[in-house]
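Some notes on the structure that comes next.
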């Protein structure tokens, strides 16, 4: 089977969406409203291309001078001023279009392609060309002539336009691919997205994908669930157990947590979910390191909390047995978080992850309908990497037997489900743990008291059998063990 020659954008996430990059010698439209990032993307493609030995012609049909463009691009790390005029040439065709028409623009660009030996041409201002053409036939002819000259020279073409062209527009019918860029307000958060609307002759990952503009240019984060699809095929058939970090719990769940399993801790604030996770990570070693991927408490506070529990996290970090990563719950992109987590896991050979919390990570999602699919893909990939995961999720209601599900069907993608909540006894509030689900191992469903002290977290068989709907404990008929 013949493989099409690819022109890589140099933008890792975008090339992944394009299954390796743009098809060399083809033509593409990059469209989006002003400020959506079209010019940044096009220049990023251009400067990345010349670093690989290519030559770029950047032509504009806009009245804006190039000096303003250079001033703006100078804030981007990919921009190299000393390459302008040599490997990348900027040409204004605005006056030619206004005074002599589109035919002369075609002649001008043809001469420049040949003279510069360009392998990429970027034309900014397709909307102005459309206005000048006055008819759909003339627009098609303009694009067709440019495509013909560029293809003859082995040149890949990118047309930039600020108009929101539909699929039946003359421009769309003439080109091989269409990328649409946009920005919208979701709540109080501005979200940038890129969408591949057309990719003729080449596979691509469809749908909208989130992106952001940084000092390094455009960064694209492919939807995790669309790129990680076969993790389960790499799962190990062997079932071994690893210590949970709570010695008294392990005999009740078959000796410990099954390796490469996912355990979800449910409970209201203050019940001990983070403390459980710290105990779990305290069993990490340099040979099987752990990672705390958190959203709420800073690394400094987590180290202090661990110390109060008799756990020396600083020593674990110095030995390479533990890494701590804190993330913002308000400014991040959820796919960026997931990809960053997987990158660290692979780079450091992480075998234990405490994700505190899934609820915090979910808050970073602009589209809440994706949460289940994304978490399913993320947990599947972590399992395939032989990582044992403990994650927390805060639920509402401090007392009582009713528990609100954190997300529909979330329990289906985890292996073990533990609930920690408050109960009332004659002595006051007590923390109690219920084992709701343990996959692949037998378990004791007895209600457990949770004790937190200087030696960390431990459990013992509860003195009370269950909680009624009011959150009150009812006595056991037999003494607890």
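Quick look at the numbers
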read-out	value
Members of the range 14-64 that are part of a loop (DSSP other than H, G, I, E, B) and free of Cβ contacts under 8 Å to residues at least 24 places away in the same chain	20, 21, 53, 64
Meets criteria (closer than 19 Å to residue 242 by Cα and in the same structural domain as residue 328 (by TED's automatic domain parsing)) for residue 359	no
Residues (more than 14 Å from residue 246 (Cα to Cα) and more than 39 Å from the chain's Cα centre (by Cα)) located in the range 447-464	462, 463, 464
The range 114-158, residues that are out of contact with any strand residue (DSSP E or B) (no Cβ under 8 Å at 6 or more places or on another chain) and either not in a helix (DSSP H, G or I) or not assigned by TED's automatic domain parsing to the domain that holds residue 96 (or both)	117, 134, 135, 153, 154
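One line per residue, one yes/no per condition, for (1) out of contact with any strand residue (DSSP E or B) (no Cβ under 9 Å at 6 or more places or on another chain); (2) assigned to a helix (DSSP H, G or I); (3) at pLDDT below 95; (4) farther than 18 Å from residue 382 by Cβ:
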site	(1), (2), (3), (4)
236	yes, no, yes, no
239	no, no, yes, no
263	no, no, no, no
266	no, no, yes, yes
270	no, no, yes, yes
276	no, yes, no, yes
280	no, yes, no, no
284	no, no, no, no
288	no, no, no, no
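Here is a yes/no grid of residues against (1) closer than 14 Å to residue 124 by Cβ; (2) in the same structural domain as residue 144 (by TED's automatic domain parsing); (3) under 25 Å from the mean Cα position of the chain (by Cα):
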position: 10; (1), (2), (3): no, yes, yes
position: 22; (1), (2), (3): no, yes, yes
position: 43; (1), (2), (3): yes, yes, yes
position: 80; (1), (2), (3): no, yes, no
position: 87; (1), (2), (3): no, yes, no
position: 101; (1), (2), (3): no, yes, no
position: 104; (1), (2), (3): no, yes, no
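The values are calculated or read from the model by the stated rules, or taken from the named source; none is laboratory data. Computed from a prediction, not measured in an experiment: that's the story for all the values here. Virtual Cβ from ideal backbone geometry, glycine too; neighbours counted across all protein chains shown.
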